[in-house]
Structure formats: C-alpha cells, structure tokens
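The values are calculated or read from the model by the stated rules, or taken from the named source; none is laboratory data. What you are looking at is a predicted structure, and each value in this text was computed from that prediction instead of being measured. Reconstructed Cβ throughout: ideal geometry from the backbone, glycine too, with neighbour counts over all protein chains shown.
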Amino acid sequence: MTIEMLGARILSPYFGGSLSVWGSIITIFMLALALGYLLGGRLSTRTPSATIYGLFFVGAALFALPIILLADSIMRPIMIYIEDARYGSLFASIFLFFIPTSILGMISPYSVRLMVDKEEHSGHMAGLLYFISTLGSALGTLGTSFYFVLWYEVNQILWGAVISLVLAGVAVLFFENTIKADVTVGSGGYAKK
Amino acid sequence: MAVVDMLRNRIHAIFSELIQLLALMFFAVNSNAETIHEERSKYRDITVTQVGERRCLLFNVHRGDRNQTCMMLDDPNRLVFDYTRMSFAGLLLQQAPQSILVIGLGGGSIPMTFADLFPSAQIDVIEIDDAVVKVAKEYFQFNESQNMRVFVGDGRPFIKRAGLRGEKYDYIVLDAFSGDYIPEHMLTREFLEEVKAIMTDESVLVANTFSTSRLYDHESVTYQRAFNEFYNFKLPTSGNRIIIAQLDLLPPREELVEASRRLEARLDKYGVNITDYPRRLTTRADWDMSRRELTDQYSPGNLLRGN
C-alpha cells in the first residue's frame, strides 16, 4: 500500500494528476494481486517451504528496485509514445508495479498453506492472515499519506519498503527451522506493505 | 373594454417588473446569487451563479464557495478579479507576445483578454476538465478559434511534451487549481525546469499563487532556486501573489514604468490599472528562505498547507 500510495506521486510528473492516473494504478495493483493470489495458491500445493516463502519477500524487494532506479527511463519513452495519459499511465503502472505487486500477492495464500496444519483451523488461519495483511495495508496507507511524505523523499520511503521486505525475507530464511509459525505471522504484516 | 384590458396588462407588466426588482434586491442584499447552471464533472461540482449582471463560476460549492471567475454581462471585457488583472503584469516584461500558453481555463477570461489584445497571437489553453471548457463556452462567451486552441488534459505532461518537441511560448500563465490549491506536481522544481525549457530569453512566466499559507515559503524558495530572482507581486486588495519570472535578468524598474505608460491606454477597458503595477513589483524576499524546496521527491503540499 505504501508503494501504491506513492504510485500517483511517481506517475504525475509524466502523466499528470488526473483521476485516470489513480484509476490506472489501482487497476494494475488489483490485477497484479489477483494474479499473485492465484499463483501463490498454486505454488503452495507443491512442496511448500519456508525458503520459498522467504524468497517471495526478497524477490518482491528486488523487482521493486526499478521503481526507484529506472523510473525515468521507463516512463519517459512511454510518455512520448503514448499521447493519451490514461493508457500511458496504465502501461507505466504495468512496467513499474505489476511484478513486485504480484509477488507480494503470492505471500498471502502461501502463508495460509504454511500455517494451516489441521483442516479445521484453515478458516481461522485465513481470517487471521486477512486481518494482519489488511491491517498492514491500512497502516501503510495512513503512514505514507499522513507522515512519510512529509518527513522523507519518495525514494527514501521506497527504500524503506524495500529494506523492510528484505529484512522480513531474511528473517523468514534465518528462523526457518526454529520458530516457523511465529515468524510467518510476524511477517504477514509486511505482506502488502 | 379595450382600455380596461390595456390598463390591466399595464398593471400586470409593472407588477411583474416590481417583483423582479424585489427579487433582485433580495438576492443582492443577501448576496445570495441565483444559480443558473449546475454540473457535476469528473473532478468537481461546477456552479454558475448570477447576481444582476455579474455572472460567476464556482467550484466545489459545498466545501466553501470560491469564485473561480466572474464576468460582467454588460461589460464582458472588464476583468472582475484582482488576480486576473494582475496576470497581465507580465506584459511589462513582454509587450507583444506572439505565442501564449495558459494552464487552467476557468471561465476563460484570461485567454479571451489575450485574444482581444493580440488578435494574431497563437493562444494555447490547457484545462484538465472538459466540463469546465463546456461551461466556459456556454456561459462565459469563451470561443475556440484558429488562434485559440484548448487542450483537455493535465498541464504538466503538456508542458513536458512541448519541451521535448522544442516548442517555445512568449507568455506563460500558470493558473491551475484543483480542489483547494495548485496540484502538487505543478509546484516542484522539476516542473519549473520543464517550464523553463519552453521559454526563450524573451519569454515571461506569470504564476498565480496564494499569499497566505505555509506553502508560500516553500513555493518562493522553489521559484527562487529555479529562476534566481523573480518579481513578487501583491496588491493590498487581493489574497493572491503573482510570481513574474523570466530566464534573463529582470529589467530595472524604470523600464517597467515606461512599459506601463505605453500599455496604459490599451489595458484600460479591461480594468487593468497597469501604471500602478511597477511600484508593486518587488524582488525583496519576504519569505522564510530556510524552507525546503519542493521537488518531485518532496512535495507534500496538502500536508504542509494544513499546518
């Protein structure tokens, strides 16, 4: 959500601040999450492991790096070739946000798989995960729009999100065999950040 | 019988006129304007009101009325607001612009005045809301023509593209407001650099801002970094602050005074008292220079204004 909130800020110099730019960003985030949920669920059926789980975090962080490092070289040609700001912002959102957001989407269903050991607990665990990830989203939105943008530059906030993701991933990999369940719950909060 | 009928009609007419007059007085006393048109657009609620001959365009009526533009129907040339009149102070630095760019249409009074002043100039207007364009045409006598083009879209990408194509404008007016203030992406240093890219040494930039808000300091610092110096233009009767900048060094005041004398007669019918302006233009910094510059990376306009 932090990245989503910053999305408009990142795109507006190239595509303006019109409503359609927000529409593009939200659409792409939703599509990416949907695909991520689907793939994450699929992946969880074959040999689920905390290692793969931890790699989701690291992978999302890596694929978020172009937002910081390559924003101009991605958006400038799009702006030049696509005159219509609606489609320009849609394509820019795809290139910038689709992959990292998809990977983040994979975390939730995978978490369910790792945490559920008995079938009768599955609803409870899924509920808990939704609770944590949605709470994380709310905090990410609030923190970013109310405070972070006042205190930091856009790229600093993005670096913060990237580092949080890497730390969460490393934590998962590190504690993989010891306190698996706890870490999973703990990291869930970062899932949509 | 015919006489009675005539009398009755006469009384009728007088009576209805009286009612109209009373209604007008009522509205005038209450300053409660009559709404003649309402429109919901993608971005805002647009309301057109009228009191007597004064017709106004308002945005977001529910969140506090703000007259975007007014015009006098019996004197459409006359510019009603200080800030629209002040927008022509740039003529002191550029007296014969041949290409003019206006960001933000409103009721269209600024571009229409330019068209009237400089019939051969090419005027481009960028307005994000097509409903505003429609209302300006229907209710504020705004017209497109060969020399007057309106582009519906965001100002920033338009300027960025124009810069990439190498286009230049002699006179640029920044008058884009969304909701409460100038959109954040049109307050940044990077944006001003893009504006500079469509300016020549002869060009002048005129930006309409508010003089009351915490953003004032940030804005001033940002313009100062981009242009080194600029004229700060305020009137005691207005809450607006107009920034006037050019790429070159600013001319000495005597040149402005001279220019104002040459322009005086032509600007009179619009109500622009140009000879009063030169002494109001100052390069003196009346802002907190330690404030942070606004950039694409740091432009929390909404949050800064709240404090």
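Residues that are within 14 Å of another protein chain (Cβ to nearest Cβ), among the hydrophobic types (A, V, I, L, M, F, W, C) and within 22 Å of B:LEU92 (Cα to Cα): does region B:193-207 have at least one? The answer is yes; a qualifying residue exists.
Considering only region B:160-176, state which residues are within 18 Å of B:THR295 (Cα to Cα) and more than 10 Å from chain A (Cβ to nearest Cβ). Of everything in region B:160-176, just one residue is within 18 Å of B:THR295 (Cα to Cα) and more than 10 Å from chain A (Cβ to nearest Cβ), namely B:LEU174.
To keep it simple, each residue is scored yes or no on (1) at pLDDT below 90; (2) more than 28 Å from B:PRO278 (Cβ to Cβ).
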residue: B:ARG40; (1), (2): yes, yes
residue: B:TYR43; (1), (2): yes, yes
residue: B:GLY64; (1), (2): yes, yes
residue: B:ASN67; (1), (2): yes, no
residue: B:LEU79; (1), (2): no, no
residue: B:MET86; (1), (2): no, no
residue: B:LEU91; (1), (2): no, no
residue: B:ILE123; (1), (2): no, no
residue: B:ILE128; (1), (2): no, yes
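Between B:ARG261, B:ARG292, B:ARG266, B:ARG280, the distinction of being of a type outside the set (Phe, Trp, Tyr), within 14 Å of chain A (Cβ to nearest Cβ) and surrounded by fewer than 17 Cβ atoms within 10 Å (Cβ to Cβ) belongs to B:ARG292 only. A:THR101 passes every criterion in (1) free of Cβ contacts under 8 Å to residues at least 12 places away in the same chain; (2) assigned to a helix (DSSP H, G or I) apart from (1). Only a single item in (1) surrounded by 14 or more Cβ atoms within 10 Å (Cβ to Cβ); (2) more than 14 Å from chain A (Cβ to nearest Cβ); (3) in a helix (DSSP H, G or I) is not met by B:HIS218, and it is number (2). Using beta carbons and a limit of 8 Å, which pairs, at least six apart or on different chains, have the first residue in region B:257-286 and farther than 22 Å from B:THR113 by Cβ and the second one assigned to a loop (DSSP other than H, G, I, E, B) and of a type outside the set (A, V, I, L, M, F, W, C)? Listed pairs, sorted by first residue: B:THR283/B:GLU229. Among residues of region A:55-111 being among the β-branched types (Val, Ile, Thr) and under 18 Å from A:THR134 (Cα atoms), the one that is farthest from the chain's Cα centre (by Cα) is A:ILE107. Evaluation of A:PHE57 against the conditions (1) within 24 Å of A:ALA171 (Cβ to Cβ); (2) part of a loop (DSSP other than H, G, I, E, B); (3) not polar (S, T, N, Q) shows that the sole unmet condition is (2).
B:ARG266 passes every criterion in (1) within 30 Å of B:ARG78 (Cβ to Cβ); (2) not in a helix (DSSP H, G or I) apart from (2). Test B:PRO157 against the criterion of being at pLDDT below 95, more than 16 Å from the chain's Cα centre (by Cα) and either away from chain A (no Cβ under 12 Å) or surrounded by 19 or more Cβ atoms within 10 Å (Cβ to Cβ) (or both), and give yes or no. So B:PRO157 passes the test.
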